[in-house]
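Below: one structure, written as structure tokens.
Values quoted throughout were computed directly from the atomic coordinates according to the rules given, and no laboratory measurement underlies them. Predicted model, so just to flag it, every value in this text is computed and none were measured. Glycine also receives a Cβ, built like all others from the backbone with ideal geometry; neighbour counts cover every protein chain displayed.
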Amino acid sequence: MELSAKFLAQLLKGTVEGDENAVATEFAKIEHGKKGTLSFYANPKYESYVYTSEASILIVGKDFEPKEPVKATLVRVENAYSAIADLLKYVSEKKKKAKRHRSLRARWFLSTRFGKKVYLGAFSYVGRHTTVGDGTIIHEQVYIGDNCTVGKNCIFYPGVRIYPGMVIGDNVILHSGVTIGADGFGNAPRPDGSWEKIEHLGNVVIGNDVEIGANTTVDRAQMESTIIGNGVRIDNLCMIAHNVIIGDHTAMAAQTGIAGSTEIGKYCIFGGQVGIAGHLKIADHTTIMAQGGVIGNIRKEGQVLLGSPVIPARQYMKAYALFKQAAE
Amino acid sequence: MELSAKFLAQLLKGTVEGDENAVATEFAKIEHGKKGTLSFYANPKYESYVYTSEASILIVGKDFEPKEPVKATLVRVENAYSAIADLLKYVSEKKKKAKRHRSLRARWFLSTRFGKKVYLGAFSYVGRHTTVGDGTIIHEQVYIGDNCTVGKNCIFYPGVRIYPGMVIGDNVILHSGVTIGADGFGNAPRPDGSWEKIEHLGNVVIGNDVEIGANTTVDRAQMESTIIGNGVRIDNLCMIAHNVIIGDHTAMAAQTGIAGSTEIGKYCIFGGQVGIAGHLKIADHTTIMAQGGVIGNIRKEGQVLLGSPVIPARQYMKAYALFKQAAE
Amino acid sequence: MELSAKFLAQLLKGTVEGDENAVATEFAKIEHGKKGTLSFYANPKYESYVYTSEASILIVGKDFEPKEPVKATLVRVENAYSAIADLLKYVSEKKKKAKRHRSLRARWFLSTRFGKKVYLGAFSYVGRHTTVGDGTIIHEQVYIGDNCTVGKNCIFYPGVRIYPGMVIGDNVILHSGVTIGADGFGNAPRPDGSWEKIEHLGNVVIGNDVEIGANTTVDRAQMESTIIGNGVRIDNLCMIAHNVIIGDHTAMAAQTGIAGSTEIGKYCIFGGQVGIAGHLKIADHTTIMAQGGVIGNIRKEGQVLLGSPVIPARQYMKAYALFKQAAE
């Protein structure tokens, strides 16, 4: 995508200083700017780069007064931070809008229902009686089973797999390799020590405005539903087991695992590689730091926890300091 | 699927009390029952829900005597627990039987051999000289390389990948994103500190009645075979490295990793996020609790272990209590 | 593949003792040799197996003097170790060379550019303006988005996903389920506690001679590039977050995770399930043992670290010994 200084000034309600036909095709940090890149300057710490940067276009705040000559064309805006956020959104929206058709190399059925302006990529499969909302983008090689309900303006990247009967809200982003609805890990021991598979007939229900990272798995409930609340953010390679409930706006970093039937509150934040045992309740606003292990209920809201099993993070760091000293 | 009270009574060898034409299309826990759902009541703790439940059909034991009026149609059976297990099995079998054809949008070869009643979904690929047993269901977008042997009545969900030369038993369930047979992580250091790839020409051999969860990876052996025993259960996002051997009926929870050439006994149970180093032997009936790390052989059977590195779980919890206290 | 003793002697510059028409189709360890297998003998510890092995062909060093009769045909070579390495390479190369065409069931565009001798499997998708170098093998069901640059002699196994705009060097091996270029986990908190997605418009740049294991994910940079250096080895199910830089010849075992913007040095070695926090610098030649957690910069080169957070491995093991004793 080519962005001219003139166009940027219009889009971001700013003014141009320099060549209004200057053009950028890529973003770069100011210190790495080169011909054809667009950078922004907001933090005074980086001011020296303004004068050395080879970027073609620089977005700066309206109050910035250069102390030396600047090579780049400047686009002055009210607030450089929010301008860049608006710009990234614009670029991202634009990319989405380019895609609006169903590939003849995809597979769907008479009973599949597509809303308006749906994109369906090659080698994707959308099952019987499944409904896909307006504006949803289903990239290549995606699988959506029978009897699913998919909301509006979702983006499913290549290689997403959704088992039959799942329910997915609006504005949900699923990255490549995400698997929604595999059977929970339910096995009843037989007297001889072997395992009887417990059938899983429930589903997964995902709210609105959720993003799930690459290769994360969310298992179906044994009965009823595994539930991902509105606004939840899950990073790559996480494991959400059967019948788990995740409260609205909770965020968890990569490789975190939550065992079966655990109920996570709202507005929680988990670092990477956190593990939470099954059948627990975790209070709202709980922070668990990376590699923490949780084996009991957390009833008090707003704690910051660390360790395996977790204890208050300060206590852990103090105890760990003593642990280290002991070896000296 | 629609299930009437009449049909349920026949299937489960029970009797109907109420409207024999009452119909359910979904399962729900008794406390969440609503019109069109089927619930079961077995644990006296939940008796009060029998009288308030809006479920259309309730499965109850033959000896249950209601103390208040019940809205739902009752299906009385010998034992409510085993009836529900039978019913779940029936539903699950029925789903399987519906699928019996090979999609013309799949790819296979003259030398590929399919048994009777095999399902092959769109965009799946089954290689040359590969054999697939009777009744196996290969869903959409599955890859099976050349020279593989797949047993009877397996289910491979969309996006399963099986490299060439692998051997898979009967009744094996592989969930979406499972990868069987990628090269082991074998690298020999060169004098200059760079790595020489060690070629992996062995395979993976999976026994009968195995289930492997979504996005788990099982690497091929360097020579000979990585072996998964009969009746083994592996949860999502686990890593089974090259030349590992897993004994019959061992079960491991999500995100567990086992490094190269380690031999795991029979009837072991591992919690989530367990890590086991390479070239070790783990005795039968070993339990390793979540996030445990194993760096030495475990020779004594039947231990319950915890910590990194693992020690007896009780000892760990006691030592950890002292660790916490030290900071107070 | 059938290998005769005569052919092996030619290939490995050795001599045959026994039936030069003896044929092997598989490799096996000497102690597991059977008819049709090829084994090698180099370590005197295993000499007794030479006399009992049922292998059809045995590769041995030129100086080996049998003390008892040997059933197998011997192929004598200068050095048995390097002969087997040469042989494995030969077999592996031969497998690659068999594949040289583009499937009509794949999808590509007029603006897609393929080098010479490229293989493209069924149900694979290669986007617009993407360039693929000579000799690269793109197996079945692979996705490569628009505007990517892929080098020479790469191998992408089934189910690899490469988002648009990525850059991949020569001789890069990506195993099944690898995802390159998903959005980084970037979320800015709104005043009400919900999350604003931070758009990610950067890419991933992978050097030459890199191998990445099954189901590993490498996220795109927010701006600019996530960088994987030359000769890097990444095992299965690892997570490389947005804007991470990994130095040349670093190797990391399975299920390791590296958070956003961290810079890893050259020649580092990480065990399995290691976690490294974001925005850190890790010195060259750092070894982090399995399950280690890193929360601060590591400035001194060549350390061996362990624990969460990591401390020198010796110190950790000593402190852990005291920790265990405390409970006795």
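Here are some notes:
- Inter-chain Cβ neighbour average for residues C:267-273, partner chain, 10 Å: 5
- Whether the range A:240-289 is rounded, prolate or oblate, judged on the alpha carbon gyration tensor where a/c under 1.5 counts as rounded: oblate
- As a proxy for reagent exposure, ranking B:M252, C:M1, B:M317, C:M166 by other Cβ atoms within 10 Å from fewest up yields C:M1, B:M317, C:M166, B:M252.
- In the range A:188-328, Cα pairs under 8 Å separated by at least six residues give a relative contact order of 13 percent.
- Extending 7 Å from the Cα toward the beta-carbon at both C:V304 and C:R190 defines two label points whose distance is 5.2 nm.
- For the pair B:L322 and C:K35, a Förster radius of 51 Å applied to the C-beta separation gives a FRET efficiency near 0.25, rounded to the nearest 0.05.
- Two-site label geometry, A:N43 and C:H101: point separation in nm, points 7 Å out along Cα→Cβ: 5.6 nm
- Each DSSP beta bridge with both residues in chain B is either parallel or antiparallel, and the antiparallel ones are about 15%.
- When the inverse distances between all different Cα atoms of the protein assembly as shown are averaged and flipped, the Kirkwood radius reads 29.9 angstrom.
- Chain B: equivalent-ellipsoid semi-axes (sqrt of 5 x gyration tensor eigenvalues, Cα, Å): 43, 32, 15
- Taking the convex hull of Cα positions in the range C:3-97, its mean projected area over all directions (nm²): 5.4 nm²
- Calculated FRET efficiency for the pair C:E2/A:E263, C-beta based, R₀ 45 Å, to 0.05: 0.15
- Per-residue ellipticity at 222 nm, computed for the protein assembly as shown from helices alone with -39500 (n - 2.57) per DSSP H run of at least four residues, works out to -4000 deg cm²/dmol.
- In this assembly of identical copies, the label point of B:V304 (Cα plus 7 Å along Cα-to-Cβ) is separated from its counterparts by 3.5, 3.5 nm, sorted shortest first.
- With the label put 7 angstrom out from Cα along the Cα-to-Cβ vector, C:P191 ends up 6.7, 6.7 nm from the copy partners, going from closest to farthest.
- FRET E, pair A:H279, A:E20, Förster distance 51 Å, beta-carbon r, rounded to 0.05: 0.20
- Rounded to 5, percent antiparallel among DSSP beta bridges of the range B:6-80: 20 percent
- Centroid-to-centroid separation of the range C:25-95 and the range B:99-167 [C-alpha atoms, Å]: 35 Å
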